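The values are calculated or read from the model by the stated rules, or taken from the named source; none is laboratory data. Everything numeric in this text was worked out from a predicted model, so none of it was measured. Please note: Cβ atoms are built from the backbone with ideal geometry, for glycine as well, and neighbour counts cover all protein chains shown.
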Amino acid sequence: MATHGREYKADVGGAKLLSAAFAGPHAWCNEKMMLSETLSDGIGLPEFFGFGAFDEALKTYAEATGGTDRRAVASMWSLYYFSCLTIPYIVAGVLGRQALPVAFEEMTVAISADGLPRAFGVATTGGWQDRGKEEIFSVLRPLVDDHLAKVVTHFKSAGGISPKLAWNNAAVYIDYALRTAGTEPLNDQAEAMVGLRSMPDGAPNPFYDCLRYEEDDGARVCRRKICCLRYLLPGVPNCGSLCALPSQRRQ
């Protein structure tokens, strides 16, 4: 991924916003990702995951949900993390050609009273993004290499969820963002993300086969490859046709 060496500018009424793409139906992204300097209760991600704060957040969320299965609690927590991180990143990249700086070591996170991620902070507004022939992978590569690959290891070591489950959880929201970001759904890009074994440079594609599209009663539906375990948490509804488990889809 390359940038033109200049900072992305998004000014509205004299106020510096993170992305001009965070407007209209995507205005809610302003509450999920912002400049670190405006996220007053943010904590650096290396500190959050490295010094016990993540464990405390999982305990708080477990108490809030009544969940007793550590893997299910951590998996559900990661769904909030990935939605808060990846959807704004994809919206900015696809609609604004803006490369948000999402390196794990340089970001902050704020946690809500129930222990869930509330918002992320980034150091700058980033730069303009040049895209290659394989557009989606040029957008995703910094996110994958500089952030997701690192946080997935923490979800395994401290949360007990497998890397395959974590990548599947992330893929769900990236797929959603791609299909809803623009005026025309980026279906081909979304399907390339999960349909190719390797990235254009030959590196393994961690999203390969995470989602599958199947026919169900005449309708084309999207299904996860691996269940997110939410059925193990009391009072948490299942994810309907998206669920990998037939028994849960029937409920």
What are the pairs, 6+ residues apart or on separate chains, where a residue within segment 227-251 that is under 18 Å from Ser162 (Cβ atoms) has its Cβ under 7 Å from a residue that is at pLDDT below 65?
-> Cys227/Ala244; Cys227/Leu245; Tyr231/Gln248; Cys243/Arg249
Is segment 141-157 home to any residue that is touching a strand residue (DSSP E or B) at 6+ places or on another chain (Cβ under 9 Å) and either more than 29 Å from Leu233 (Cα to Cα) or touching a residue at least 40 places away in the same chain (Cβ under 8 Å) (or both)?
-> yes
Odd one out for Leu196 among (1) surrounded by 12 or more Cβ atoms within 10 Å (Cβ to Cβ); (2) more than 18 Å from the chain's Cα centre (by Cα); (3) modelled with pLDDT under 90; (4) not aromatic (Phe, Trp, Tyr) | (3)
Restricting to segment 82-120, what's the tally of residues that are within 14 Å of the chain's Cα centre (by Cα) and outside any loop (DSSP other than H, G, I, E, B)?
-> 18
In segment 60-81, how many are of a type in the set (Gly, Ala, Ser), out of contact with any Leu (no Cβ under 6 Å at 6 or more places or on another chain) and not in a helix (DSSP H, G or I)?
-> 1
Among Val73, Val102, Val94, Val109, which is buried (at least 19 other Cβ atoms within 10 Å of the Cβ), in contact with a Cys (Cβ under 9 Å, 6 or more places away or on another chain) and not polar (S, T, N, Q)?
-> Val109
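Take the residues in segment 208-225 that are touching a Leu at 6+ places or on another chain (Cβ under 8 Å) and outside any strand (DSSP E or B), then tell me which one is nearest to Arg141 (Cα to Cα).
Checked segment 208-225; the qualifying residue nearest to Arg141 (Cα to Cα) is Tyr208.
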